[in-house]
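The values are calculated or read from the model by the stated rules, or taken from the named source; none is laboratory data. Keep in mind that what you see is a predicted model, and the values were worked out from it rather than measured. For neighbour counting, all protein chains shown are included, and Cβ atoms are generated from backbone atoms with ideal geometry for every residue, glycine included. Side chains are part of the model used for accessible areas, which takes the heavy atoms of the whole protein and leaves out ligands, DNA and RNA. Shrake-Rupley method; radii C 1.70, N 1.55, O 1.52, S 1.80 Å.
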Amino acid sequence: MDADWEKRVEAAWGTLDSYEEDRAGEFRAVIDGLAGELPEGHPVGLFERASAFDSTGHSDRAVPLYQEALERGLDGYRRRRTAVQLASSLRNVGRAEEGVALLTAELERGEGELEDALRACLALCLANLGREREGLALVLGALAPHLPRYQRSMAHYARELVADGQS
């Protein structure tokens, strides 16, 4: 992997919306070709392939690729993205509880990048499990720092939603 490869991958992803639904396989083939330039089983290649399946409506095919990418040591920003995307895919295939566990562990790592995306996806997983108040609390807590006013109030309300076992 080098800067040129990364630019080509980024450019390919920039074309995703130009593919009609019936041509999604063509997009996946482009990503597969780029991933194929990496050594067999490379975690970044697995991540890119999983993302292509995920982005074209095949969460079921994305899940094992995301999991393998993590098992093979995917790190950095892509690892954090994988947590979000894998949890979302798990939710889509009826395995929201696994998504909650994955995202909770990822948030506990405390690395900072994509924190709001992690919380938003966690909120969706929680909602699928009937834990909407807890999910709403996460979303409000993530939103509060971005508001021009009312940050303190929204953060308080978010905590209040799950206080005293009301989740």
### Task
Using the charge dipole of the chain (Lys, Arg: +1 at Cβ; Asp, Glu: -1 at Cβ; taken about the Cα centre), state which of L114, L16, G76 has its Cα farthest towards the positive end.
L114
### Task
Sort out for me the Cα centre separation of segment 47-77 from segment 94-147, rounded to whole Å.
19
### Message
Which one, A83, A69, A144, has the greatest fluctuation when you compute a Gaussian network model over the chain with C-alpha springs under 10 angstrom?
### Response
A144
### Query
Mind checking the dipole of the chain: about its Cα centre, +1 per Lys or Arg Cβ, -1 per Asp or Glu Cβ, Debye to the nearest 20?
600
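May I ask you to give the solvent-accessible area per residue for segment 41-161, in square angstrom, as obtained with a 1.4 angstrom probe?
Numbers: 6160 Å² over 121 residues.
Per-residue accessible area for segment 41-161 comes out at 51 Å².
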### Task
Go through segment 106-167 and name the trypsin sites (Lys or Arg not before Pro) that are in a DSSP coil and have 14 or fewer other Cβ atoms within 10 Å of their Cβ.
R149
#### Entry: Pair R78, S18: separation of 7 Å Cα→Cβ label points (nm)
2.3
### Query
Rounded, prolate or oblate: which one fits segment 1-65, using the alpha carbon gyration tensor with axes a ≥ b ≥ c (rounded when a/c is under 1.5, else prolate when a/b beats b/c, else oblate)?
oblate
## Note on the structure
Expressed in square angstrom to the nearest 10, the accessible area of L138 with a 1.4 Å probe stands at 40
### Query
How do 89-97, 38-46 rank on mean C-beta neighbours within 10 Å, highest first?
89-97, 38-46
